[in-house]
1. List the pairs whose first member sits in the stretch 211-240 and is over 30 Å from residue 185 (Cα atoms), whose second member is away from the ligand (no atom under 14 Å from the Cβ) and assigned to a loop (DSSP other than H, G, I, E, B), and whose Cβ atoms are under 7 Å apart, counting only residues at least 6 apart or on separate chains?
2. Here are some conditions: (1) over 20 Å from residue 271 (Cα atoms); (2) part of a strand (DSSP E or B); (3) within 15 Å of the ligand (Cβ to nearest atom). Residue 91 meets all but one. Which one does it not meet?
3. So, in the stretch 63-88, how many residues would count as being in a helix (DSSP H, G or I), under 17 Å from residue 188 (Cβ atoms) and within 16 Å of the ligand (Cβ to nearest atom)?
4. Could you pull out the residue among 323, 340, 304, 345 that is part of a helix (DSSP H, G or I) and within 20 Å of residue 168 (Cβ to Cβ)?
5. Kindly indicate which of 239, 231 is within 15 Å of the ligand (Cβ to nearest atom) and either at pLDDT below 95 or over 20 Å from residue 51 (Cβ atoms) (or both).
6. So if I check each of 5, 107, which one is assigned to a strand (DSSP E or B) and either surrounded by 15 or more Cβ atoms within 10 Å (Cβ to Cβ) or more than 15 Å from the ligand (Cβ to nearest atom) (or both)?
7. Residues to consider are 296, 288; find the one that is under 24 Å from residue 137 (Cα atoms), assigned to a helix (DSSP H, G or I) and in contact with a strand residue (DSSP E or B) (Cβ under 7 Å, 6 or more places away or on another chain).
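The values are calculated or read from the model by the stated rules, or taken from the named source; none is laboratory data. The model shown is predicted, which means the values in this text are computed figures rather than measured ones. Glycine also receives a Cβ, built like all others from the backbone with ideal geometry; neighbour counts cover every protein chain displayed.
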Ligand SMILES: Cc1ncc(COP(=O)(O)O)c(C=O)c1O
């Protein structure tokens with residue numbers, strides 16, 4: 001579906017049509033200057049130009065431990081409870097190969113980041129979907145997971161603040177996840193890609209702050225979105241030391257680690273001032289409000305998200321996700337993502353990404369008001 005969408009966008013652009021893409025969640029603003037400066041200095045050092053160690057630089061692990069302590073109130077042992085990953089995507093994918101046997105089971109949020117299902121499938125295992133229910137605030141009903149499925153599951157992928165729904169974890173949900181994981185002896189992988197991108201005073205917790213979480217889970221923290229670093233491939237896995245060691249053992253056979261200059265720049269990001277992150281979030285709030293009010297004007301009943309870089313909205317009556325995305329492209333020359341791209345429970349929704357400059361978002365919503373009202 002995505003390939004077809006890309007083909008049509010390319011054809012329109014070739015025909016001279018100004019297509020505005022609100023499809024992909026890749027921040028438009030630059031990486032913050034103090035991070036770029038740290039990278040420029042680190043990259044010039046011969047010591048940082050060698051093969052990295054997959055255990056990670058001390059500075060990187062210590063910066064993460066300090067950040068998790070100050071930001072989330074979570075104690076992390078820099079020696080055993082954190083190592084670098086070459087982006088969350090690599091980490092999630094390799095966790096599947098580290099923990100799943102062919103024929104095994106992973107529980108995957110639906111709708112969800114595609115690697116939660118692609119990773120298990122490529123590892124020869126079976127992703128079992130956890131539908132995120134709108135009536136439960138886009139969390140799964142864990143009591144509805146059949147016991148025979150849960151007993152076979154080794155991994156469970158969850159993610160709050162959530163892509164694509166923009167939902168944040170309701171009070172008490174992470175506690176339910178911990179007791180579910182204990183009951184069925186599975187490893188929880190909380191994908192924390194968006195904790196720094198939150199609005200309206202909401203501060204996202206770490207899953208690892210939940211009592212018992214470190215016994216049953218890991219968290220993947222990516223710097224991609226909150227620090228405008230998608231191209232840098234900088235993330236870490238934190239939490240259960242045994243699980244991290246298992247991931248590390250697989251990883252030493254697969255890649256040669258995260259470029260140490262990037263690790264040092266990542267450490268600078270975590271140690272750096274909060275101002276740039278806060279200003280970025282003000283920008284996203286401005287864009288979110290533009291999008292939400294335009295959608296409401298055209299009759300779409302949409303919730304205003306408290307986090308992430310996405311607005312998730314139901315398609316108007318009589319449309320599927322795909323037919324509505326097509327209509328928006330044809331009528332307004334705006335690309336939105338059909339919700340069904342993120343799993344069967346995404347059907348009936350579409351996603352708008354807030355990662356285009358303000359003027360492009362304004363132009364896109366004006367076009368939608370004009371052509372879809
Ligand atoms: C939920 C989620 N996890 C992970 C990623 C990818 O993170 P990274 O750039 O660190 O691989 C994304 C990117 O869109 C995402 O939405």
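1. 227/32; 228/29; 228/30; 228/32
2. Every listed condition holds for residue 91 apart from (2).
3. 1
4. Working: 323 fails: within 20 Å of residue 168 (Cβ to Cβ); 340 fails: within 20 Å of residue 168 (Cβ to Cβ); 304 fails: part of a helix (DSSP H, G or I).
It is 345.
5. Values: 239 fails: within 15 Å of the ligand (Cβ to nearest atom).
Residue meeting the stated conditions: 231.
6. Values: 5 fails: assigned to a strand (DSSP E or B).
Step by step, each of 5, 107 is checked, and only 107 is assigned to a strand (DSSP E or B) and either surrounded by 15 or more Cβ atoms within 10 Å (Cβ to Cβ) or more than 15 Å from the ligand (Cβ to nearest atom) (or both).
7. Numbers: 296 fails: in contact with a strand residue (DSSP E or B) (Cβ under 7 Å, 6 or more places away or on another chain).
Selected residue: 288, the only one of 296, 288 that is under 24 Å from residue 137 (Cα atoms), assigned to a helix (DSSP H, G or I) and in contact with a strand residue (DSSP E or B) (Cβ under 7 Å, 6 or more places away or on another chain).
For (1) in contact (Cβ under 8 Å) with a residue 40 or more places away in the chain; (2) touching a helix residue (DSSP H, G or I) at 6+ places or on another chain (Cβ under 7 Å), each residue gets a yes or a no:
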site: 6; (1), (2): no, no
site: 13; (1), (2): no, no
site: 51; (1), (2): yes, no
site: 56; (1), (2): yes, yes
site: 62; (1), (2): yes, no
site: 69; (1), (2): no, no
